[in-house]
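The next block holds one structure in the form of structure tokens; read it before the comments.
The values are calculated or read from the model by the stated rules, or taken from the named source; none is laboratory data. Note that the structure is predicted; figures quoted are calculated from it, not measured. In this analysis, Cβ positions are derived from the backbone assuming ideal geometry, glycine residues included, and neighbour counts consider all displayed protein chains.
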Amino acid sequence: MDEATYRLRAFEPGDYPEEARVWTLLDPGIVYTVEELRHQDGTFSLPPLVHRKVVAEERSRGTAVGFAYLVNDPESFDPQTFWIDVGVDPEHQGRGVGRALADTLTLEAERRSARRLWASARVDQPRGVRFLTLQGYSERRRSWRSRLELATATELPDRTEELARQGISFTTLAQEDLSDPRVVRDLYELSAAASADEPRLGPYTPITLEQFVEMDLRSPTFLPDAYFLARKDGRFVAMCALRRAAGEPGALHQSFTGTRRELRGLGIATELKRRAVAYAREHGFQSIRTGNDSLNQPMLAINRKLGFRFEREQIFAERELRSRTPTGRSGTELAPTSLRGRKDGEARSSS
């Protein structure tokens, strides 16, 4: 990086508009907003998480052109493991800006006694994939982002009465009293139980109740009437949450679907997804997008049944840290990681 042209500095609140613009350029199909990015920074800064952001600024204009963050994964928390994410405006790529940002945060991780780093790159962006290789990352698994066009979605049979005979009833968070701590606790416990089987790079660690409330119930994209739940014997047993797709008025985001382990295989998740599709249609949306890990074949099967189609493939990679010397040798940039939004995937479910 030419230090006469660029400088690195700490992130400032006034950088959010440029950050939203850059991530939107780098991630076609998703529109990022200032409101969403600000909320995510707040949630990923809750103790004991480490959240560090660095900006690359073009000196002549005083404009932020590159962004990078270092953060713990709240659902696979290890104080010595971090996600690292780097994004640079395409007009400023190939000039070592991404490498300088990545090296700075790698050193920061090493100062914090990090043992490993996680990162990701989109398969359709070869420069990002090369960056991972040159930085010493090894591929661990892949994920896919998919989209369901509601005009062509498969009509699934309504199984409400069949499931009612097994003691399963349905509700939404809009019908529940969120001021009742028992409701919030029950919802949190369901989310924690279902999330335990969601594929991830590290061992599962439940988030705290405070983190859950902030991430899920106080999100600017939260839709209580599109947060579908199944109940049995007085407690929540399955969930399927739709959210506003920030910046995309005609789309919804399928953020998380999960069922308690002992009740999988009954078709509860499929019925919840049927209700989610019906809601989207009734409210005039055109599409629903979601993400699925390559190891989550049961949920992938449900989505294929509904008519979801793959939009992109993403590599998740890991780097073991053994020395204090950064190894970056490329001027290419990383694509956004999956942590941009807590639930960009869905838990295991047989049906």
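Brief remarks on what is shown
- Residues of the stretch 48-92 classified as closer than 22 Å to Arg7 by Cα and out of contact with any strand residue (DSSP E or B) (no Cβ under 9 Å at 6 or more places or on another chain), total: 4
- Some residue of the stretch 77-93 being touching a helix residue (DSSP H, G or I) at 6+ places or on another chain (Cβ under 6 Å), assigned to a loop (DSSP other than H, G, I, E, B) and either closer than 30 Å to Glu198 by Cα or assigned by TED's automatic domain parsing to the domain that holds Pro249 (or both): no
- Considering residues of the stretch 114-128 that are of a type outside the set (Ser, Thr, Tyr) and surrounded by 21 or more Cβ atoms within 10 Å (Cβ to Cβ) only, the residue nearest to Asp27 (Cα to Cα): Ala121
- Among (1) over 28 Å from Ser146 (Cβ atoms); (2) surrounded by 14 or more Cβ atoms within 10 Å (Cβ to Cβ); (3) in contact with a helix residue (DSSP H, G or I) (Cβ under 8 Å, 6 or more places away or on another chain); (4) modelled with pLDDT of 95 or more, the one test that Leu46 misses: (4)
Residues are listed down the side, and each one gets a yes or a no for (1) of a type in the set (Val, Ile, Thr); (2) touching a residue at least 24 places away in the same chain (Cβ under 8 Å); (3) in contact with a strand residue (DSSP E or B) (Cβ under 9 Å, 6 or more places away or on another chain); (4) under 19 Å from Thr43 (Cα atoms):
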{"residue": "Leu178", "(1), (2), (3), (4)": "no, yes, yes, no"}
{"residue": "Val183", "(1), (2), (3), (4)": "yes, no, yes, no"}
{"residue": "Ser191", "(1), (2), (3), (4)": "no, yes, yes, yes"}
{"residue": "Leu201", "(1), (2), (3), (4)": "no, yes, yes, no"}
{"residue": "Tyr204", "(1), (2), (3), (4)": "no, yes, no, yes"}
{"residue": "Phe212", "(1), (2), (3), (4)": "no, yes, no, yes"}
{"residue": "Leu217", "(1), (2), (3), (4)": "no, yes, yes, yes"}
{"residue": "Phe236", "(1), (2), (3), (4)": "no, yes, yes, no"}
{"residue": "Met239", "(1), (2), (3), (4)": "no, yes, yes, no"}
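- Some residue of the stretch 296-309 being closer than 23 Å to Gly128 by Cα, surrounded by fewer than 22 Cβ atoms within 10 Å (Cβ to Cβ) and modelled with pLDDT under 85: no
- The criterion of being more than 24 Å from Ile168 (Cβ to Cβ) and of a type in the set (Asp, Glu) does not hold for Glu198.
- Some residue of the stretch 122-137 being of a type in the set (Phe, Trp, Tyr) and farther than 27 Å from Glu282 by Cα: yes
- Looking across the stretch 101-115 at every residue that is touching an Asp or Glu at 6+ places or on another chain (Cβ under 9 Å) and of a type in the set (Gly, Ala, Ser), the one that is nearest to Val129 (Cα to Cα) is identified as Ala102.
- Picking from residues in the stretch 141-196 that are under 13 Å from Ala230 (Cβ atoms) and in a strand (DSSP E or B), the one that is farthest from the chain's Cα centre (by Cα) is Ser169.
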